[in-house]
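A.B. asks: If you scroll down you'll find the structure; I have some questions about it.
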Amino acid sequence: MVLGDFTLSFNGMEGLSRRGLLAGAAAGVAAPILASPFGERHRRPGHHHNRRVLRIAHLTDIHLKPEGKGVDRLTECLKTVNSLTEKPDVIFQGGDIIMDALNEDHGRVEAQYDLVSGIFDRHNSLPVQHCIGNHDIWGWGTNASKLQDHDDFGKNYWLKWTGLEKPNRSFDAAGWHFVFLDSLMRAPKGAYTAHLGEQQLKWLEADFQAVPKTTPICMVSHVPILSACAALFGQYESAGYWHIPGALMHVDGRKIKDLMWKHPNVRLCLSGHTHLVNKVEYNGVTHYCGGSVCGAWWNGPMQETSQGFSLIDLHADGTFHTQYLTY
């Protein structure tokens, strides 16, 4: 599939030129959808204008590969999203769209990206905004020293595939401000650590400062900034205390928290990575981790979380409603 240029235009918002996945008509009848108990409405005192201005389908951690059930299940997921009675305006793809690029050769990475492009092309009609995930990055694994001189090394392949200039960016839509972060920084030992780095943190601070205080902000990252399920992902308490690895939650989360505290119009942070659903509210900000499309890498649920996606309804007054749906 050739990734085509398109202009996002939903709810009166125009001019966001992005290169992404734009597809043909969706087909088929959706499977039954089961809402999770996370479907609560968020309000702030004194706000009454809660008209919905944007509906986002948050699909994260697809982890597609040619083998196994992934192709059929992703197809089913996209048909479900595209056939909803109240159709989303846009898909936020939360990262790890392919099974793995960290430890695979160039041909295998290309095959995975071509496969997922084709499925979106055939079964999705919605515009897509992409967030980069750790498994989307080519060659940071065991063969990094042999591959690092290749033009597609690291995040370059993903940038070429999406048509983006850089992973972190921001834009305005439907009265909200959106910030897409790059959670993944290369580590001296191991493939990556989750943090923004000094340059991106300065960029984020400047971006916040330029947003009117009356404009609500939604941030999107692959790795959670703050999360309860990051502690439950593995048996990290076996040493006798809770331990969260730096690859599972932002190690600079305190710095980001301090920055958000200065900007109370930051309302919502969306993430994935752990394949688990959880919602943490801290200092007036809701950190929502949106499960995964693939569950336990297409082998059933991930712990108690079934394969699914989230619908995020944003309202004019800065409130929102989240729900996790199975497909």
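The values are calculated or read from the model by the stated rules, or taken from the named source; none is laboratory data. Note that the structure is a prediction, hence the values are computed from the model and not measured. For neighbour counting, all protein chains shown are included, and Cβ atoms are generated from backbone atoms with ideal geometry for every residue, glycine included. Quick note on the areas: whole protein, heavy atoms, side chains included, nothing else; ligands and nucleic acids left out. Shrake-Rupley method; radii C 1.70, N 1.55, O 1.52, S 1.80 Å.
A.B. asks: With mean projected area of the Cα convex hull in nm² in mind, check (i) 18.8; (ii) 16.6; (iii) 25.7 and report the label derived from this structure.
C.D. replies: (ii)
A.B. asks: Give the distance, in whole Å, between the Cα centre of the range 206-260 and the Cα centre of the range 96-137.
C.D. replies: Using only Cα atoms to place each centre, the spacing works out to 24 Å.
A.B. asks: Say each of Gln303 and Arg254 gets a label point 7 Å from the Cα, pointing the same way as Cα to Cβ; how far apart are those two points in nm?
C.D. replies: In this crude spin-label approximation the distance works out to 2.4 nm.
A.B. asks: Pulled fully out, how much extra length does the chain show between Gln235 and Thr85, if you take 0.36 nm times their separation in residues and subtract their Cα-Cα distance?
C.D. replies: Details: separation 150, 0.36 × 150 = 54.00 nm, distance 4.04 nm.
Answer, rounded to one decimal: 50.0 nm.
A.B. asks: What pairs from Lys202/Lys257; Lys155/Lys262; Lys65/Lys160; Lys257/Lys279 go past 24 Å between their alpha carbons? Intermediate results must be reported in sequence, preceding the final value.
C.D. replies: Working: Lys202/Lys257 14 Å; Lys155/Lys262 31 Å; Lys65/Lys160 20 Å; Lys257/Lys279 16 Å.
Where the Cα-Cα span goes over 24 Å, the pairs concerned are Lys155/Lys262.
A.B. asks: Output wanted: per-residue J couplings in Hz (rounded whole) for the range 217-234, from phi through Karplus 6.51 cos²θ - 1.76 cosθ + 1.60, θ = phi - 60°, x for Gly and Pro.
C.D. replies: 10, 10, 10, 10, 9, 6, 7, x, 6, 9, 7, 8, 6, 4, 6, 9, 4, x
A.B. asks: Hey, rough spin-label estimate for Ala228 and Thr214, points 7 angstrom out along Cα→Cβ, what's it come to in nanometres?
C.D. replies: 3.6 nm
A.B. asks: Here is a further query. Average the reciprocal distances over every distinct pair of alpha-carbons in the range 54-184, invert the result, and give the Kirkwood radius in Å.
C.D. replies: Numbers: mean 1/r = 0.0645 Å⁻¹.
About 15.5 Å for the range 54-184.
A.B. asks: For the range 237-303, just say rounded, prolate or oblate: build the C-alpha gyration tensor, square-root its eigenvalues into a ≥ b ≥ c, call rounded for a/c under 1.5, and beyond that prolate if a/b exceeds b/c, oblate if not.
C.D. replies: On the way: a/c = 2.67, a/b = 1.46, b/c = 1.82.
Here the range 237-303 falls in the oblate category.
A.B. asks: Same structure, new question: Compute the accessible area per residue over the chain, keeping the other protein chains in place, probe 1.4 Å, unit Å². Display every interim value, and only then the final one.
C.D. replies: Values: 13950 Å² over 327 residues.
Per residue, the chain has 43 Å² of solvent-accessible surface.
A.B. asks: In a shell of Cβ-Cβ distance under 14 Å around Trp297, excluding Trp297 itself, what net charge do Lys and Arg (+1) and Asp and Glu (-1) give? Walk me through the intermediate numbers first.
C.D. replies: On the way: positive: Lys65, Lys69, Arg73; negative: Asp61, Glu67, Asp96, Asp100.
Every neighbour counted, the sum reads -1.
A.B. asks: Residue by residue through the range 280-292, which ³J(HN,Hα) values in whole Hz follow from phi under the Karplus form 6.51 cos²θ - 1.76 cosθ + 1.60 (θ = phi - 60°), with glycine and proline marked x?
C.D. replies: 10, 10, 8, 6, x, 10, 9, 9, 10, 9, x, x, 6
A.B. asks: Please list, ordered by chain and number, the residues whose modelled amide H lies under 5 Å from the amide H of Leu126; skip anything fewer than 5 residues away on the same chain.
C.D. replies: Residues meeting the criterion, in which the H sits 1.01 Å from N, are Ala23.
A.B. asks: Taking the mean number of other Cβ atoms within 10 Å as a proxy for protection, how do you rank 297-305, 140-148 from highest to lowest?
C.D. replies: Details: 297-305: 15.4, 140-148: 13.9.
Packing order, densest peptide first, comes out as 297-305, 140-148.
A.B. asks: Excluding same-chain residues fewer than 8 positions from Lys213, which aspartates and glutamates have a Cα within less than 19 Å of its Cα?
C.D. replies: Asp172, Glu205, Asp258, Asp317
A.B. asks: With the full set of protein chains in place, find how many percent of the accessible area of the range 245-327 is carbon and sulfur; take the probe as 1.4 Å. Write down the numbers at each step before the final one.
C.D. replies: Numbers: 1380 of 2650 Å².
C and S fraction of accessible area: 52 percent.
A.B. asks: Let me know the charge dipole size of the range 63-133 about its Cα centre in debye, to the nearest 20, where only the beta-carbon of Lys, Arg (+1) and Asp, Glu (-1) is charged. Could you put the intermediate results ahead of the total?
C.D. replies: Details: 7 positive and 12 negative charges, 52 e Å.
My answer is approximately 240 debye.
A.B. asks: What FRET efficiency do you get for Asn143 and Asp114 if R0 is 30 Å and r is their Cβ-Cβ distance, rounded to the nearest 0.05?
C.D. replies: Working: r = 21 Å, r/R0 = 0.70.
That gives a FRET efficiency of 0.90.
A.B. asks: Along the Cα-to-C-beta direction of His263, a point sits 7 Å from the Cα; which residues of the range 173-197 have their amide N less than 19 Å from that point?
C.D. replies: Under cut-off, by backbone N: 173-184, 195-197.
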